[in-house]
Amino acid sequence: MRVGVWMPNAMPFELERSFFLDWVRLADQAGFDTLSTVDRPNYDLWDPLTSLAAAAAVTQRIRLATTALPLPNRNEVLVAKQAAVIDRVSGGRLTLGVSLGSRPDDYEVFGATLEHRVTRFRRQLATLRQVWAQARQSDREHGVLGPPPVQDPGPPIWIGALTERARQRAVELADGFIFGGAARLSTIAPAIQSLRPQAAERGKPHFSFNAVTYIAIGGEREFAEAVAHHQRYYPVLPVPAEQAIHHGPIGKIKDTVAEYAATGLDLLVLMPEVRSLQQLELLSEQVLPEYQD
């Protein structure tokens, strides 16, 4: 299993340029596999695609991912163009994780509707790939809708979701699946065991299974800070914060990561909910070495 980490753009209050850049550079230099974003449009979170573009410019090797970006409330042609630019700036390091999104306010803020979102989602995924493919027809004399991404045929597309039906949709439409932070650890291994053969049957032997999980390293003070951030981000909690956030000393976090590794995941993105570079340093020193080649 590979280990990634999220970006602090999800902890927006009083977030400064220097801390943001220090975090993404440290994640890159430490050897984390992936640097990811979450998204909630009706919030003061730094825009995920803009944040990834900034990270692409100051990192060299770490992969960049949205885990995940609600798609049906957005214009998919614009997303295709933005994703292609990030892929070019990063030298081909983008993974585009998308989801349906479930918050009505995150649709309303973009002037979108929840109606027929699954049908729209299917069409949008096809459009993303079509835009990237047709962008390769650009030449010196003729400009086309683009630009083309570096990765061919395009950045891997992952789908994040909670339900079994959505997981089946991901196997059908995507290159990977993302288990969200509300997913119970005990449910991940059975889901992977069921879905991996189905992906292989569809000619997707490299279909990936990925997860994100909230953590807080330290004692009661750090846990209280993490809970406050979690409750600020989620106006309605899908899972109580005390259950959603793995917390305690670094040794306990190491044990939790090992439990995730035992499920058969390809990638685990750790999401420290304490805004401190020490959290990232502890992970890079105490956890990451066990999951690097």
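The values are calculated or read from the model by the stated rules, or taken from the named source; none is laboratory data. Fair warning: this is a prediction, and the values are worked out from it, not measured in the lab. No Cβ is skipped: glycine too gets one built from the backbone with ideal geometry, and neighbour counts run over all protein chains shown. Ligands, DNA and RNA are stripped out before the accessible areas are found, and what is left, the full protein with its side chains, is counted by its heavy atoms. Shrake-Rupley method; radii C 1.70, N 1.55, O 1.52, S 1.80 Å.
A few points about this structure:
- Our analysis of segment 182-223 gives Rg over Rh at 1.23, with the two radii drawn from alpha carbon positions and Rh computed by the Kirkwood formula.
- Solvent accessible area, Å² - His116, 1.4 Å probe, full protein context: 140 Å²
- The residues of the chain have, on average, 45 Å² of accessible surface per residue, using a 1.4 Å probe with all protein chains present.
- Furthest towards positive pole of dipole, Gln82, Gly101, Gln134, structure part the chain, Cβ charges: Gln134
- Local electrostatic count, Leu94, Cβ distance below 12 Å [Lys/Arg +1, Asp/Glu -1]: +2
- Accessible surface of segment 42-85, 1.4 Å probe, proportion on carbon and sulfur as whole %: 56 percent
- Put a plus charge on the Cβ of each Lys and Arg, a minus charge on the Cβ of each Asp and Glu, and nothing anywhere else: the dipole of segment 170-293 about its Cα centre is then about 300 debye.
- Dividing the convex hull volume of the alpha-carbon atoms in segment 184-283 by its residue count gives 110 Å³ per residue.
- Each Cα pair under 8 Å and six or more residues apart adds its sequence gap; the mean of these over the residue count of segment 1-147 is a relative contact order of 20 percent.
- Entry note, the chain: relative contact order of 19 percent, from Cα contacts under 8 Å with a spacing of 6+ residues.
- For segment 60-156, the set of GluC sites (Glu not before Pro) satisfying both a DSSP loop assignment and a count of at most 14 other C-beta atoms within 10 Å is given as Glu115, Glu141.
- Taken about its Cα centre, segment 1-117 carries a charge dipole of about 500 debye when Lys and Arg each add +1 at the Cβ and Asp and Glu each add -1 at the Cβ.
- Per-residue SASA entry for Trp158, accessible area with 1.4 Å probe, Å² rounded to 10: 20 Å²
- Rounded percent of accessible protein surface that carbon and sulfur make up, segment 163-270, 1.4 Å probe: 54 percent
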